[in-house]
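The values are calculated or read from the model by the stated rules, or taken from the named source; none is laboratory data. Fair warning: this is a prediction, and the values are worked out from it, not measured in the lab. Here the Cβ positions follow ideal geometry from the backbone for every residue, glycine too, while neighbour counts run over all protein chains shown. For the accessible areas, the whole protein counts, side chains as well, though only heavy atoms, and no ligand, DNA or RNA atoms are used. Shrake-Rupley method; radii C 1.70, N 1.55, O 1.52, S 1.80 Å.
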Amino acid sequence: MAAAWPELEAAARERRRELALAGAAVAERVAAGGGRLPAELLALPLLQALELSGCAALRELGPGLAAALPALHTLVLRGNALGPAGLGAGLGGPLPALRLLDLSGNGLEALPAALGGAGGAPAGAPAFPQLRSLNLSGNRLRELGPGLACAAPQLQALLLAGNRLRVLPGALLPAAGAVPGGPFPLLSRLEAADNELAELGADIAALPALKSLDVANNQLRELPAALADCPRLKEANFRGNPLRDKRLEKMVNGCQTKAILEYLRAGGRGKGKAESAREEARKKKREKHQKKDGGDGEQDEPEEVAKLLVKVLHVSDNPAPLVVKASSGIKDVRPFIVCCVLKGVNLKPGNALKRFLSVQTKLHEDICEKRTAATIATHDLQLIKGPLIYDVQPPDKLKIMPLGRKEIKAKDLLRQLQLEAEEQRKQKKRQNVSGLHKYLQLLDGKDNYPCLVDAEGVVISFPPITNSEKTKIRKDTRDLFLEVTSDTSLQICKDVMDMLILKIAELNRFTLENKEDSGSDNESDPLCGPVNLNPSQNVQPMNFPLVVEQVRVVDTDGNLKVLYPSKTDLTTVSSLLTVTR
């Protein structure tokens, strides 16, 4: 007998426009159905947004999904086991309204035919004429064919991090004239970090709208001069590549996108036009030595700043470790949480605090997928009374003082935010709530809401919505308590925490190198805008380590659930961090 799907019955009865299917119960039902979706899903023609995530048993979408759901504008298929064949049946027809497609974390080795794989996109009208964002991160793709430009001509964001690509753009760009008006005329964001890229082709300049490029943690030894010909390129991340040109590498580590492009435009290293650039480099080196001889003490040590240092303080070495107790009720609401303490922060100089906050915003937009995959909360450790309890409370009982607001019940806060989101939607004349507010829907239908409560009974965090004004980060904050929660997986919490610590270390270096004073008004590159950590107001050596204190999450009986950072954590950013344990 087929398993019952109460979510689908409710969606049909209530004529819902949006539906999210995730979690262990969904995975069990999919497995019982042979790795396929139930036929009842195809009887929901009003659906505009569909999410099917975190289901390792899901191997096939089943035939006719595109034809049955013509109004879909958002399709999230993250963290499943879908291959090209399993996707092909469901995406075999056009989805004329689709604007966002997320296929991340499926282990794809090739794209389905509808996206230009297996022989390219079908002839005729594009299969995805309105597609704006395509997320292919966390798969096993070695190359992308030119058919994608035909299948999704209006693409604005292409996310390819964590694959096995060796050349970019490579075959992604079809031959001249193959696509009317040129390939990807609107593509402004291209991310391919953590691949195997050995070549960044000069044809990258054929993307006229490219504003943001991320190719960090690859095998690039050179950057093409053609990057300087990208007319709109403003943000670029080349960190973690074995670049031959050490001067260029130093600019890359300092996140100086404008300087990088000017350097490449002037010829760069090893080019015929580079004599003036080399002379400028020699001149600056002489000036630095002169300053050193004059007692300035400044040294040119690019190799020493290549990696950032982080020291882990074990629970056994900590006289007063912070502990988080997880209640039994949390497993049905938002089960995954990872925490740690980070010491050595100095947010006073210049715009360090502003950059700290901008990092969280960018991580929420990218790796956290607009807070739908995970949510970050940062607290001033000195304002927290431990031990902490990760608990659940009814919406009409949970009270919090949100950032920048007065104390309010959770249900009333959610109603306020939903009204604000609806007003924003009307102002922008959109058919659906913006991605900025998608995370509000994660609590739909929940009898209890998740919260992190301190020893005084004060709610300091209400994920994925907000944290408390009580523990707000300020310029004089010295030590941080970091928290990442998710209803998807523990691993995404750890990955986000790894990246957050890396960004904090990067901002620390940025602040040290720029030696801002408290009145500085300088802005940093958005791609590099991390978090700021320096335990002293005076400039410290560049290898001064940050201290990460382990935090245990235990159940109500004191049994360990998760310890972060463990021996296997921080490995995803090990190419840029040196961790001492």
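Tell me the net charge near K567. Cut-off is 14 Å between Cβ atoms, K567 excluded, with +1 for each Lys or Arg and -1 for each Asp or Glu. Local net charge: 0. A crude spin-label estimate for the pair Q418 and Q130, with each label 7 Å from Cα along the Cβ direction, gives 2.4 nm. Per residue, the range 3-147 exposes 41 Å² of solvent-accessible protein surface, assessed with a 1.4 angstrom probe and all protein chains in place. Longer than 28 Å from Cα to Cα, which of K343/K567; K426/K472; K446/K494; K250/K354 are they? Say none if no pair is. Violating the 28 Å limit, Cα to Cα: K426/K472.
Note on the range 136-207: Cα convex hull, mean projected area over all directions, 4.3 nm².
Here the accessible area of the range 73-204 is 56 percent carbon and sulfur, with a 1.4 angstrom probe and all protein chains present.
Solvent exposure of the range 335-487 amounts to 42 Å² per residue of accessible area, where only protein heavy atoms count and the probe is 1.4 Å. Taking Cα centre as origin and charging only the Cβ of basic (Lys, Arg, +1) and acidic (Asp, Glu, -1) residues, the dipole magnitude of the range 384-430 rounds to 240 debye.
The trypsin sites (Lys or Arg not before Pro) found in the range 327-362 include none that occupy coil by DSSP while having at most 11 further C-beta atoms within 10 Å.
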